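Have a look at this one.
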Amino acid sequence: MAAYNDLIHALAEQVGLPPSAIHEAVQQALDEHQAEDTDEQHGRITRLRLLELEASLRIHHELEPGDLVCWKDGLRNKRRPADGEAAVVVARLADPVFDGEEGAGSPYFREPLDLIVGLLDDDGDFVHYHVDQRRMQPYGQG
C-alpha cells in the first residue's frame, strides 16, 4: 500500500492536483469498471496503468554502491535481475552509457544505463549488468 501512496503523491505533484483527488479518481474508475463494456474497461485500466508507471519512473532513489536493489513494479526491461530478485549496486555512472541499439523504434534506443548492478548467475558467478537507475528501487521496498 505504501508504493501505491507514493505513486499517488508523485502523480499528484506532477499534475498539480491534491493526492486525494487522484485517489478518488482511481477509486471511481475501479468502482465503475464492473459496469463498463470490456473494451472500455480495458482502455481505462490501461490509461491508469500508464500514468502509474510513468509516475513510478519519476520517483528517484539515491542508490549507492552496496545497496540492495530490485526492479520497480512494471519497469523491468531486461531478463536479469528477475522480478523480485535482489541485486547489489556496484557503481553509479556519472556519464551514462547509452544502449547501442540502433533505430528509434527500439525501446532500448538511447536508454541511459547509469547504474551497474551485480548478481549471481545460474552458475553462482558474480556478474554485472548495466541498468537505467530510474527503473530500480531499494530491495524490499515494493
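The values are calculated or read from the model by the stated rules, or taken from the named source; none is laboratory data. In this text, all values refer to a predicted model and were calculated from it rather than measured experimentally. A quick note on method: Cβ atoms are made from the backbone with ideal geometry, for glycine too, and the neighbour counts reach across all protein chains shown.
Could you tell me how many of the residues in region 61-90 are in contact with a Leu (Cβ under 8 Å, 6 or more places away or on another chain), under 14 Å from Phe126 (Cβ atoms) and of a type in the set (A, V, I, L, M)?
Matching residues across region 61-90 total 4.
With (1) assigned by TED's automatic domain parsing to the domain that holds Gln14; (2) of a type in the set (D, E, K, R); (3) in contact with a Leu (Cβ under 7 Å, 6 or more places away or on another chain) as the list, and Asp99 as the residue in question, which single condition is left unmet?
(1)
Taking only region 59-73 into account, find how many residues are within 15 Å of the chain's Cα centre (by Cα) and surrounded by 13 or more Cβ atoms within 10 Å (Cβ to Cβ).
8
Please determine whether any residue of region 119-139 is over 19 Å from the mean Cα position of the chain (by Cα), surrounded by 13 or more Cβ atoms within 10 Å (Cβ to Cβ) and assigned by TED's automatic domain parsing to the domain that holds Leu7.
no
Among the residues of region 98-111, which ones are out of contact with any Asp or Glu (no Cβ under 6 Å at 6 or more places or on another chain) and surrounded by 10 or more Cβ atoms within 10 Å (Cβ to Cβ)?
Residues satisfying the conditions are Phe98, Glu101, Ser106, Arg110.
Hey, any hits in region 108-123 for a residue that's under 21 Å from Ala2 (Cα atoms) and part of a strand (DSSP E or B)?
No, region 108-123 has no match at all.
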